Amino acid sequence: MFSDDQVAALINEKFEPAWQSLRPVPRVTIDFGNGAVVKRTLHGNVATYVCNSDGTVLDILPGIYEPKTYARELLGLARLFGRSKRGSVGADAFWRNYHRSQAESFAAASNPAASTPTFRGMSIFGTERPTRRAIRGEQPPTSAAGTSLTDSLAEDTRMNETTRRLKIHLRLAKSDDVTPDAINKWLYREVLGTDLDDPYLGLKEMLFKNYPFVEEDADD
Amino acid sequence: MQRNLGVLAVVLTSAALAQEAPAPQLDVAKGRVVERPTEQVVGQLSSPVDHAPAPAEKAADRTKRVMIEPAVEKLVGDAQPPDAAPTEVPTEAATNGAGDNPHVEPGKVQWHDGVAAAMAAAKKSGKPVLVFHLLGQLDQRFT
């Protein structure tokens, strides 16, 4: 996203940006034994917080986005930020009202049953999806052309802007003075499907459930 | 009973095939010309033992061998796909101290050096702060 000219220009003009690592990213290395080695990352979830200068969270864009949608949403939030400072109501009330109205319109516009995430809301970089599918034993899409990176990104973006964003609006509509550090465990666990307190990030059961050498490996 | 029927089917099929023309000699020639060199290439890579040289009668096939084998050699020798990570772990110097996770540019955004710096800048500029959270490092290849 940040290599996109439009996205980078928008962020540089409208925001004061910083990035923060929550923990090292899990990596998968497959050594085929014949010189071929494939390295991929796993569970590379991301989140974009828009905050005021005190660090209070105003809104969150969960997961990875298509650059065009990401830029549109960020621009909208930058404009809202300007309106919140000029409005007659206080900024806190302005953002609570915003989240409440967004949650209502999201709920009205979406059909939760139809948009239930196939992968429990996980959002990872598109290149990782095949690895994740393989590990979870899931079949790839059945389209003749297969799923391209663009398709995966579009799917993640759609998920972000439906079920994931709705959960965030519902949460922020009831909260004041939330900082990224105070909400990130909830966000990753409840919205992105990644438990940051779990050393296996919630993948332990899937990794070991049918693995016959768990006890032997534990002795090593 | 089923087994007997199966044997009968095999016998009938074999008999039917026996009545057809014998396999063309060209298939045998193809096996010698194409497949044997492939086996030799693989064998030479997996074992230091010298293999017997090809019979002298293959001299006439030399041109075809040269045209076919480089691709096989490349396939076996360069088993790593073009877009895969390097097989050998780069040195610390080569990866700017990041082990086997090389440093990369974190996009075209002009990032502040931490959230506190961004908040301090926001107090002056009046802009909102954008905090991007991730697992891993944005300025490393594997994030």
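Within the range B:116-132, the set of residues being part of a helix (DSSP H, G or I), at the interface with chain A (Cβ under 7 Å from one of its Cβ atoms) and among the basic types (Lys, Arg) comprises B:Lys123 only. For the range A:12-22, the criterion of being at the interface with chain B (Cβ under 7 Å from one of its Cβ atoms) and modelled with pLDDT under 85 is met by none of the residues.
Scanning the range A:28-39 for residues that are under 21 Å from A:Thr194 (Cβ atoms) and within 8 Å of chain B (Cβ to nearest Cβ) returns a single hit, A:Lys39.
Selection of the range A:49-103 for residues being polar (S, T, N, Q) and closer than 19 Å to A:Ala173 by Cβ yields A:Asn52, A:Thr56, A:Ser84, A:Asn97, A:Ser101, A:Gln102. Set side by side, the residues A:Val50, A:Val25 differ, and just one is modelled with pLDDT of 95 or more and facing chain B (nearest Cβ under 7 Å), which is A:Val50.
The values are calculated or read from the model by the stated rules, or taken from the named source; none is laboratory data. Keep in mind it's a predicted model, so treat the numbers as computed, not measured. A quick note on method: Cβ atoms are made from the backbone with ideal geometry, for glycine too, and the neighbour counts reach across all protein chains shown.
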